[in-house]
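One structure is given below, encoded as structure tokens.
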Amino acid sequence: MPKQKKYIFSSITDILIWILLIVFAIMVLVPLVFMFTASFMPANDIMTIPFPWIPKTFYIENYKQAFRGNDGSYIFLRNILNSFIVAALTTIGTIFLCSITGYGLAKFEYKGRNFILIMILSTMMIPFEAIMVPLYLTITNLGWQDTYAALIIPFLMSAFGVFLMRQFLITFPDELLDAARIDGASEIGIFFKVVLPNSIPPLATLAVLTFRYQWDSLLWPLLVIQTPKKKTIPLYIVHFAEEKFTNEGALMAAAAIASIPMIILFLMLTKYFIGGSNVYTGGKE
Amino acid sequence: MLACVVRGVIFIKKKTGIDFIKKKTGIEKKKARWGFIFTIPAIIFFSIFSFYPIINAFITSFYKKDLLSLSKPQFIGLGNYKYLIHSESFWNSVKATTIFTVGTFIPLVIMSLILAVFISSRKRFQKFFQMAYYSPALLSSVVAATIWLLMFDPRGLANQFLNFILNTPGKDYKWLTNPSILRLATILVYFWKYIGYFTVIFITGIASIPQTINEAARIDGANRWQVFTRITLPLIKPTTLLVSIMAMTRCLKTFSTQYLFTQSGAPLKPIDVITLNIYNTAIRDHQIGRASAMSIILFVIILALTMIQFKVSKAEEVQY
């Protein structure tokens, strides 16, 4: 008899857990659903009480206005392109530079190697927010104020990326490298033909982390970019939200446009997104 | 006898990695040189973009320096730090940052732990829940803040929801104007954005606990609560500590939500977090010296937290 009781008790908690998980999932998803439905509604519908969850008509005008901008300049298209270019170049640079450094630190022995490693790792303790003002001055001195170089070059490497690649490459089989050496491959050739093709999983994780960081970045572009043409998506949205003529629907349309590439990337590379949050992030992240 | 010596040498060589017998040949020297060449870009990069700025921040924090003026910066010793100690705006930022950090990271760690334990206990839909909770982390912080900005509108969903739950029809909770509620609003945005991120980390931590331990406990008659408090909780303690510090450092660096909210007309004072203050001091007030002093203070705090994080990750290996 008590066994039966225990069983009932356990199934009640089971049901409670299901309910809690589902209710919480709904609460987490509501703002996302709100963004997408509101982006298809005229402003008047969005601010009605209660909120009509299903758009009456597919009001595409919001998307047109988001792209067109309040001044009809279609600058958003350019800003989207900028975000892609900046994020892509930074990601490619990070992958290449972090892996070659990681390789140099993992597979070669020379004087001062450990010192270099420790110095690089110690920069993980410097938060970007603490060095942004002097970095801004450095950029100004270099004459990179208001250029793409300012957005890309200071982020071409991350200490965390070097750490990730070094940890991975330290277990890389030496036999493969030596075999290539015996075949007469140059050291640079070995890196490109043997090391890089065999390091896809950590490289993908690093790529996803870097791309997302750049896609998200607001503070630094806010400091260094002034020309509307050179802005990235977050800067455009901040500006768009401030403008008086922006209606709520168009704002949500812009937000949805900014989110869609990341959602597609997530669905394609879920494992690297979720795996990536497990490599404990540090440094500029 | 000889074989013994050779075996001994090989053993020591394996243990220490030191070469006794072979001298470095030409090829190996060449190889070593390549290793160094591969790290040159990193040495240059981190010198320019990490070490130089932090040293520069440290030096600038002792000077009175204006962003736009061309005159030579004036050395004022600890003047900037003294100014900050007596500055109301600085202490307000410390308060705003502390309230935000404590108010965000504690609920974040507790809730993500609970959700992770619940999701891990499910046999089905684990992946679905992980993805659903994780989805806000995909949005950029600006987008997240924009969505919530509309939801916190007097006619928006936040009021509608509270009015429904608390049965207070038509009441406006003044999300973006009342100082305390505004603080809560920024906390909510952050909580929403990162809850799934940390849940996923906890789920991995829980998944690494061997099933056999749980099963053994269940056979011994332990109930779920006992399994949780006596087995799961102690074994994921390192993950919990790590997540706490990660969440804390992230909260200390928060910027986007507060920036967007104040730009859209919310009062600055309650949510003038330290990064926002640094930004405004440098860009709006042109006080580079003061901004640098604040940066150094932020650096020291985060450095202390990161040190703890490294210590914890070293002790991370749990013996099952």
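No value in this document is a laboratory result; all are computed from the given coordinates. Source: prediction; values computed, not measured. No Cβ is skipped: glycine too gets one built from the backbone with ideal geometry, and neighbour counts run over all protein chains shown.
Overview of values
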read-out	value
Averaged over A:80-92, number of beta-carbon atoms from partner chains that fall within 10 Å	0
Three-way shape label, the range A:67-276, alpha-carbon gyration tensor, a/c 1.5	prolate
Other protein chain Cβ atoms within 10 Å, averaged over every residue that makes up B:52-59	5
FRET efficiency, 1/(1 + (r/R0)^6) with R0 51 Å, evaluated for residue A:147 and residue B:37 via beta carbons	0.95
Mean Cβ neighbour count within 10 Å, used as a protection proxy, ranking A:184-190, B:125-131 highest first	B:125-131, A:184-190
Net charge of Cβ neighbours under 11 Å - reference residue B:275; Lys, Arg +1; Asp, Glu -1	-1
Cross-link pairs beyond the 18 Å C-alpha cut-off, checked among A:56/A:244; B:64/B:95; B:95/B:253; A:111/B:31	A:56/A:244; B:64/B:95
Within-11-Å neighbourhood charge of residue A:85 [Cβ basis; K, R +1; D, E -1]	+2
Distance from the range A:204-249 to the range B:263-295 (C-alpha centre basis), Å	19 Å
Tensor-based shape of the protein assembly as shown (alpha-carbon gyration tensor, a/c under 1.5 rounded, otherwise prolate or oblate)	oblate
With Cα atoms, 0 to 90° folded angle of helix A:159-169 axis to chain A main axis	60 degrees
Euclidean distance of C-alpha centroids, the range A:104-175 and the range B:202-216, integer Å	36 Å
Cα long-axis angle, helix A:75-107 against chain A (0 to 90 degrees, to the nearest 10)	30 degrees
Percentage relative contact order, the range B:79-314, counting C-alpha pairs under 8 Å, at least six apart	32 percent
For the range B:70-145 and the range A:42-72, distance of Cα centres in Å	32 Å
Formal net charge of residues neighbouring residue B:109 (Cβ-Cβ distance under 13 Å; K, R +1; D, E -1)	+2
Neighbour-count ranking [beta-carbon atoms within 10 angstrom, fewest first] of B:251, A:98	B:251, A:98
Average beta-carbon neighbours from other chains, 10 Å sphere, peptide A:133-145	5
Efficiency of FRET between residue A:196 and residue B:230 - r from beta-carbon atoms, R0 60 angstrom, step 0.05	0.80
Crossing angle, helix A:233-242 versus chain A [Cα axis fit, 0-90 degrees, rounded to tens]	30 degrees
Over the protein assembly as shown: helical MRE at 222 nm, DSSP H runs n ≥ 4 each giving -39500 (n - 2.57), nearest 500	-22000 deg cm²/dmol
Chain B: translational diffusion in µm²/s, Stokes-Einstein, Kirkwood Rh over Cα pairs, 4 °C, 1.567 mPa s	53 µm²/s
FRET efficiency, 1/(1 + (r/R0)^6) with R0 45 Å, evaluated for residue B:308 and residue B:86 via beta carbons	0.90
